[in-house]
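**Student:** Okay, handing you the structure first.
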Amino acid sequence: MARNRPQSPRAPRPAGRRRPGPGAEAGGWAASTVLVTGGAGFVGSLTCTDLLDHGYEVIVVDDYSNSTPRVFSRVERVAGRFVGAVYQLDIRDRPALSAVFERHSVDAVVHFASHKSEDRSTRTPVGYYDANVGGTTSLLRTMHEHGVHHLVYHSSYAVYGDAGRGPLDERTPPRPVTPYAMSKWVCERILEDICRHCPQCTVVALRCSTPAGAHPSGLLGEDQRNAPDSLLPRMALVADGRRPRLDVRGDDHPTRDGTLVRDYLHVMDAVEAHRVALDHLVDRPGMTVYNLARNRGSSVHDVISAFTAATGRPVPYDVLPGDPGAVPELVADSTALTRAWGWRPARDLADVCRDTWHFQCLNPHGYRDPAPRTGENA
């Protein structure tokens, strides 16, 4: 894979500049400058917006293999602030990544960069392990060399695999069934082991359920070109008339209506939890794992019904043969996270559907369209 050297930052700032972190007034440690890997992606870009909105300095690295640099003008428009710097690079390119750490005084890292399709991972497993595990170890080695020891890791509830019917809590032994899920589980094990041997390291791993929806402004969402496996963007394309019908992968699974059941978490709830995690990175030594979920499963039929009710648009569909290896039901329990931080999701499936549709209406061709003018964000 071609590797790119860091480009000049889009909005250069003095290197090594530190200030009290956004949470410093409450006492204790607080991050000020945060490096976001995969910051141009769906959850990553919205997390950048949320961090900027809460006073953090944000540095981004992304290779754009599953994203576009066009997103940053929208991030800055929603946040009303500039991203500190954006570098196009593959985090496996350690010299390029090291140059970013040399240029900026990074306090903590939020790590999203990974390949994310479970279906594709079964066809290219080596590539998924190389990108997801190799990228994580490259990042960790570079962080260690530059004295950065605090990390929020975007994991996935896919690690539970076929561990059983949910909601599944953090005590449930993971049983990943795809290379994607296994790569996330391997990264968690690596992070845990590093924290065991490096007492200065602290990690919060968030096992995120299926993120969906969009920013309420309609400026930021899941670009359809980069989400071929995601149910809600595919549903929005059908409702918009850009695809004739939705493909439903099986209706004979052992679930209440035969279709796959997943926990669809509004992306804004997910990004807020990642930001809150920064404030809790040093609550305890070592690594802490939390589920990040709505604690409620929705079948494909449930989502179709909710989307139609929220948008007034019917979603015609065809049932195709299901993948016999698919996990029928995957729902996580985030009670531990609520007890620890007081975090709980504030949005429901209707909000997910409504915001997905709003983004589709304003961006029928994704980020290839000019940024729309939308209310107070115009």
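Only the coordinates and a few stated rules stand behind these numbers; no lab work does. What you see is a predicted model; the values in this text were computed from it and never measured. With ideal geometry, Cβ positions are generated from the backbone for all residues, glycine too; neighbour counts draw on all protein chains shown.
**Student:** Find the relative contact order for the range 159-307 and round it to a whole percent, using C-alpha pairs within less than 8 Å whose residues are 6+ positions apart.
**Tutor:** 30
**Student:** Moving on. On each of the three principal axes of the Cα atoms of the range 195-292, give max minus min coordinate, whole Å, ordered largest first.
**Tutor:** Its Cα atoms span 55, 38, 20 Å along the three principal axes.
**Student:** If you put +1 on each Lys and Arg Cβ and -1 on each Asp and Glu Cβ, how big is the dipole of the range 313-365 around its Cα centre, in Debye rounded to 20?
**Tutor:** Roughly 280 debye, rounded to the nearest 20.
**Student:** Pop a pseudo-label 7 angstrom from the Cα along the beta-carbon direction at both SER73 and ALA326 and give the gap in nm to one decimal.
**Tutor:** 3.8
**Student:** In nm, what is the difference between 0.36 nm times the number of residues separating ARG373 and ALA350 and their Cα-Cα distance?
**Tutor:** 5.9 nm
**Student:** Give the calculated FRET efficiency between HIS365 and SER65 to the nearest 0.05, with a Förster radius of 30 Å applied to their Cβ-Cβ distance.
**Tutor:** Once the sixth-power term is evaluated, E becomes 0.90.
**Student:** Calculated from the structure, Cα Rg over 2.2 N^0.38 Å equals which of (i) 0.94; (ii) 1.00; (iii) 2.26?
**Tutor:** Recomputing Cα Rg over 2.2 N^0.38 Å here picks out (i).
**Student:** So if I place +1 on the C-beta of Lys and Arg and -1 on the C-beta of Asp and Glu, and nothing else carries charge, what would the dipole magnitude of the chain be about its Cα centre? I want it in debye, nearest 20.
**Tutor:** 760
**Student:** What is the Cα centroid distance between the range 33-69 and the range 84-107, reported in whole angstrom?
**Tutor:** After rounding, the separation between the Cα centres reads 13 Å.
**Student:** Report the charge-dipole magnitude of the range 76-183 in Debye, nearest 20, computed about the Cα centre from +1 at each Lys and Arg Cβ and -1 at each Asp and Glu Cβ.
**Tutor:** Here the size comes out at about 140 debye.
**Student:** Hey, another quick one. If each DSSP helix of 4+ residues adds -39,500 (n - 2.57) and the sum is divided by the residues in the chain, what number results at 222 nm, nearest 500 deg cm²/dmol?
**Tutor:** -10000 deg cm²/dmol
**Student:** Something else about it: Using 0.36 nm times the number of residues separating ASP119 and HIS54, minus their current alpha carbon distance, what extension gain do you get? Walk me through the numbers on the way to the answer.
**Tutor:** Details: separation 65, 0.36 × 65 = 23.40 nm, distance 3.57 nm.
Result: 19.8 nm gained on full extension.
**Student:** Still on this model: Could you please state, rounded to a whole Å, how far the C-alpha centre of the range 145-217 is from the C-alpha centre of the range 119-144?
**Tutor:** When both Cα centres are located, 14 Å separates them.
**Student:** Restricting to Cα pairs below 8 Å that are 6+ residues apart, what does the relative contact order work out to for the range 74-216? Please round to a whole percent. Don't skip to the answer; put the middle values down first.
**Tutor:** On the way: 166 pairs, mean separation 37.0, N = 143.
Answer for the range 74-216 is 26 percent.
**Student:** So for the range 149-189, averaging the separation of alpha carbon pairs under 8 Å that are six or more residues apart and normalising by length, what relative contact order in percent results?
**Tutor:** Numbers: 36 pairs, mean separation 17.1, N = 41.
Relative contact order for the range 149-189 comes out at 42 percent.
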